[in-house]
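Working notes for the structure below.
The values are calculated or read from the model by the stated rules, or taken from the named source; none is laboratory data. Keep in mind that what you see is a predicted model, and the values were worked out from it rather than measured. Methodologically, a virtual Cβ is constructed for each residue, glycine included, from the backbone with ideal geometry; neighbour enumeration extends over all protein chains shown. When the accessible area is computed, the model is the full protein with side chains, heavy atoms only, and any ligands, DNA or RNA have been set aside. Shrake-Rupley method; radii C 1.70, N 1.55, O 1.52, S 1.80 Å.
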Amino acid sequence: MEEARVIVEQTGNPNAAHYLARPYEDQGNSKEAINFFTVSKSFRHDISIAKEQDMDTDVKQLALKAGQPPLILEAANYVENEGMEDKAVLLYQRGGSLSRAIMLCVKGKLFDVLTSIADDLDDSAVPDVFMRCADLFLENEQYHKAAQMFINAKAFERALQICLEREVKLTDEMAESMTLHKTDNDDDEVRTRP
């Protein structure tokens, strides 16, 4: 088995690595089994072993390494059930379940993580996501961030209301985001939002 190990380490051959991982798994050597299943890109099997052995950090790392949304979401559900909401939020976000990540931020009062998620949102996000974030920031008295989320959701009146009521400084960038822009049309009445 040592000779096979050397060959796999030298060549990185996925088939040989998979073949080598099995005996390690049968012997109960989870770390080595996971190592060689990773080389063989058998991430589902890796994650399964890590779950069985309560190797929670490995579950997260392997799911992220796999880069496959179904595996990432499966790992997110697992780490959430293990009570590691902060790790689950990251996995849900990377797996494409942004609404679940945001919900978990609320449940776990993870406002720093929510801020990070909100900072990563772009104009392609659904307005409802921005609205949920804005409401959560309001609850946590983060008024500037709430106003920005309302602007991103195109809820301009609500954003201005927050700015007025909570004395949030309206920045040039915020104002620009709410400004109607002229189109190429000669009719000055026709305008669009950015």
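As a test question: what accessible area, to the nearest 10 Å², does Thr115 have when a 1.4 Å probe is rolled over all protein chains in place?
30
So if we plug the beta-carbon distance of Glu25 and Tyr143 into 1/(1 + (r/R0)^6) with R0 = 45 Å, what FRET efficiency do we get, rounded to 0.05?
Plugging the Cβ-Cβ distance into 1/(1 + (r/R0)^6) gives 0.25.
Of all accessible surface on the chain at a 1.4 Å probe, what whole percent is carbon and sulfur?
46
Which value, in Å², gives the accessible area per residue of the chain when a 1.4 Å probe is used on the protein heavy atoms?
58
Just the accessible area for Val39, please: 1.4 Å probe, Å², rounded to the nearest 10?
The value for Val39 is about 50 Å².
How many nm is it between the label spots at Asp119 and Glu3, if each spot is 7 Å from the Cα in line with the beta carbon?
Simple spin-label model gives 5.4 nm for this pair.
Roughly speaking, what is the stretch gain from Gln161 to Asn81, that is 0.36 nm per residue apart minus the C-alpha to C-alpha distance, in nm to one decimal?
The Gln161-Asn81 span can extend by a further 24.9 nm.
Say the cut-off is 25 Å between C-alpha atoms; which of Lys60/Lys107; Lys51/Lys87; Lys65/Lys107; Lys87/Lys107 go over it?
Those over the limit are Lys65/Lys107.
Stick to Cα atoms and the Kirkwood definition of Rh, then tell me Rg/Rh for the chain.
Ratio of gyration radius to Kirkwood radius for the chain: 1.21.
How long is the gain from Leu64 to Leu170 if the chain were fully straight, where each residue apart is worth 0.36 nm and the alpha carbon distance is subtracted?
Length gained, Leu64 through Leu170: 34.3 nm.
Pick from Tyr19, Tyr92, Tyr143: which residue has the top mean-square fluctuation in a GNM of the chain where Cα pairs under 10 Å get a spring?
Its mean-square fluctuation being the largest, the pick is Tyr19.
Taking all protein chains together and a probe of 1.4 Å, list Ser99, Ser40 from the most accessible to the least accessible.
Ser99, Ser40
Compute the longest continuous run of the chain that contains no exposed GluC sites (Glu not before Pro); treat a site as exposed when its DSSP state is not H, G, I, E or B and it has at most 12 other Cβ atoms within 10 Å.
By the stated rule (loop sites, at most 12 other Cβ atoms within 10 Å), 1-140.
Evaluate E = 1/(1 + (r/R0)^6) for Gln10 and Asp112, where r is the Cβ-Cβ distance and R0 equals 45 Å; express this FRET efficiency to the nearest 0.05.
Computed FRET efficiency for Gln10 and Asp112: 0.55.
Taking DSSP loops as anything outside H, G, I, E and B, show the longest stretch in the chain free of trypsin sites (Lys or Arg not before Pro) there with at most 14 other beta carbons within 10 Å.
Result for the longest clean stretch: 42-108.
Sum up the charges of everything whose Cβ sits under 11 Å from the Cβ of Gln68, counting Lys and Arg as +1 and Asp and Glu as -1, but leave Gln68 out.
+3
Please give the helix 111-120 orientation as an angle from the longest Cα principal axis of the chain, in degrees from 0 to 90, rounded to the nearest 10.
Relative to the chain, helix 111-120 is tipped by roughly 80 degrees.
For the range 1-113, rounded, prolate or oblate, judged on the Cα gyration tensor with a ≥ b ≥ c (square roots of eigenvalues), a/c < 1.5 rounded, else prolate if a/b > b/c?
In terms of gyration-tensor shape, prolate.
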